[in-house]
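Okay, so here's the structure we're looking at.
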Amino acid sequence: MSFQFENLGQLLVMDGHGPFVWTAVLVSLAVMFWLIIKPLADSKAAQKNVARDIARLTNSNGEA
Amino acid sequence: MNWLTNWSPSWQWFHRLGSPRWFYQTTGRWLPWLSLLALALLSTGLVWGLGFAPQDAKQGNSFRIIYLHVPASFLALAGYYIMAIAGAIGLIWKMKLSYMVMKSAAPIGAALTFLALFTGAIWGKPTWGTYWVWDARVTSMLILLFLYLGVLALQYAFHSNEAGNRASAILALVGTVNIPIIYKSVDWWYTLHQPATIKLTSAPSMHPDMFQPLLVMILGFYCFYTVALFLFTRAEILRRERNSTWVKELVMGGQH
């Protein structure tokens, strides 16, 4: 097993197929990144909502 | 009902699995390791496939798209089974966690099906001379994307969660008829799409030097899928169980 390209420039160009291959790689990575970030952001938002509910409840109890 | 409690090991397991709290805590312990494994496999497979695997005799370097296209397609299909089975369990045993898994599988499956179609289109241009053909494999994958989007849309089409869940589950189950069509499309119809590279029943039609990184990528995608499904389901659990004591305790505990 050896590196198939003479240098990093060749790896980017890939004999003219570079734009196709690298677009596929970048779009795939972007979509996969979104699949991780989205649920993490949703979880955070859900926890924030619960915290706000608890705070509201404690405040209203305190006033009463 | 004594027999039910006596015959407990398997049922206890089943009921524990049905508990959102148990799922949340257990997956929380697994997630760091699974994420690490997914990251290691995906980065190894990608560097290996893009830089070190030999180029294809006919297709040249464009064939390297296979290292994303095939794993994404694999999981787009496997993810549909997971969604449909979760929907069936929800319908039969009224298990709410199961519905949450079904709902979570929909956006992930849609994203992976999109990736399969997108990487396929990009691969098609230098290989077939066109980004898109209305051939059997490509069209049946497009239908898969619409099925995923349909399940997702039905979740939001009803006022009650229960009605949305049941409608989604039924659509997911009906849609499974499309899966064998996708698998067999390259055999049943004349198509531009090449036949399956990997079959369980025979040796891969690829040189081992090309096949090994593909295998690493497929394993990496399986781990990645599991991580994503856990994360989406955990977010859904927090949303739906927001009034339960354990979620409140969890949030309070996290604030200290």
Review point. Helix B:245-255: angle to the longest alpha-carbon principal axis of chain B, degrees 0 to 90, nearest 10?
Key: 70
Revision key, fill the gap. By Cβ neighbour count within 10 Å, fewest first, B:Thr119, B:Thr191, B:Thr127 rank B:Thr191, B:Thr127, B:Thr119
Practice item. Quote the relative contact order of region B:13-158 in percent (integer), defining contacts as alpha-carbon pairs under 8 Å separated by 6+ residues. Key: 22
Review point. On a 0 to 90 degree scale, rounded to 10, what angle separates helix B:20-47 from the longest Cα axis of chain B?
Key: 10
Exercise for review: If a/c stays under 1.5 just call it rounded; otherwise compare a/b with b/c (prolate if a/b is bigger, oblate if not). Do that for region B:27-177, with a ≥ b ≥ c from the square roots of the Cα gyration tensor eigenvalues.
Suggested key: oblate
Study note, to complete from the structure: Honestly chain B on the Cα gyration tensor test (a ≥ b ≥ c root eigenvalues; a/c under 1.5 rounded, otherwise a/b vs b/c for prolate or oblate) is just prolate
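Taking the Cα centre of the protein assembly as shown as origin, sum charge times position over the Cβ atoms of Lys and Arg (+1) and Asp and Glu (-1), and report the length of that vector in debye to the nearest 20.
920
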Check your understanding: Could you work out the helix-only [θ] at 222 nm for chain B, with each DSSP H run of four or more residues adding -39,500 (n - 2.57) and the total divided by the number of residues, to the nearest 500 deg cm²/dmol?
Key -> -26500 deg cm²/dmol
Study note, to complete from the structure: Charge dipole of the protein assembly as shown built from unit charges on the beta carbon (Lys, Arg +1; Asp, Glu -1), centred at mean Cα; most positive-end Cα among B:Gly175, B:Gly87, B:Ser19 is B:Ser19
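Where a ≥ b ≥ c are the square roots of the eigenvalues of the C-alpha gyration tensor, would you call region A:8-60 rounded, which needs a/c under 1.5, or, failing that, prolate if a/b is larger than b/c, or oblate?
prolate
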**Study point:** Radius of gyration, Dmax [the protein assembly as shown; alpha carbons; angstrom]
**Key:** 22.6, 79
Review point. Once label points are set 7 Å from the Cα along Cα→Cβ at both B:Tyr131 and B:Arg21, what is their separation, rounded to one decimal in nm?
Key: 5.2
Review point. Between B:Met252 and B:Phe146, what length in nm is gained on full extension when 0.36 nm per residue of separation is reduced by their alpha carbon distance?
Key: 34.1 nm
Review point. Here are some pairs, A:Lys44/B:Lys96; B:Lys94/B:Lys184; B:Lys96/B:Lys248; B:Lys96/B:Lys184; A:Lys38/B:Lys94; which of them have Cα atoms lying more than 29 Å apart in this structure?
Key: B:Lys94/B:Lys184; B:Lys96/B:Lys184
Point to revise | Exposure proxy order (Cβ contacts within 10 Å, fewest to most) of B:Trp48, B:Trp33, B:Trp123 | key: B:Trp33, B:Trp48, B:Trp123
Revision key, fill the gap. Helix B:66-93 sits off the longest principal axis of the Cα atoms of chain B, rounded to the nearest 10 on a 0 to 90 degree scale, by 30
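Values quoted throughout were computed directly from the atomic coordinates according to the rules given, and no laboratory measurement underlies them. Keep in mind that what you see is a predicted model, and the values were worked out from it rather than measured. Using ideal geometry, Cβ is built from the backbone for each residue, glycine included, and neighbour counts are taken over all protein chains shown.
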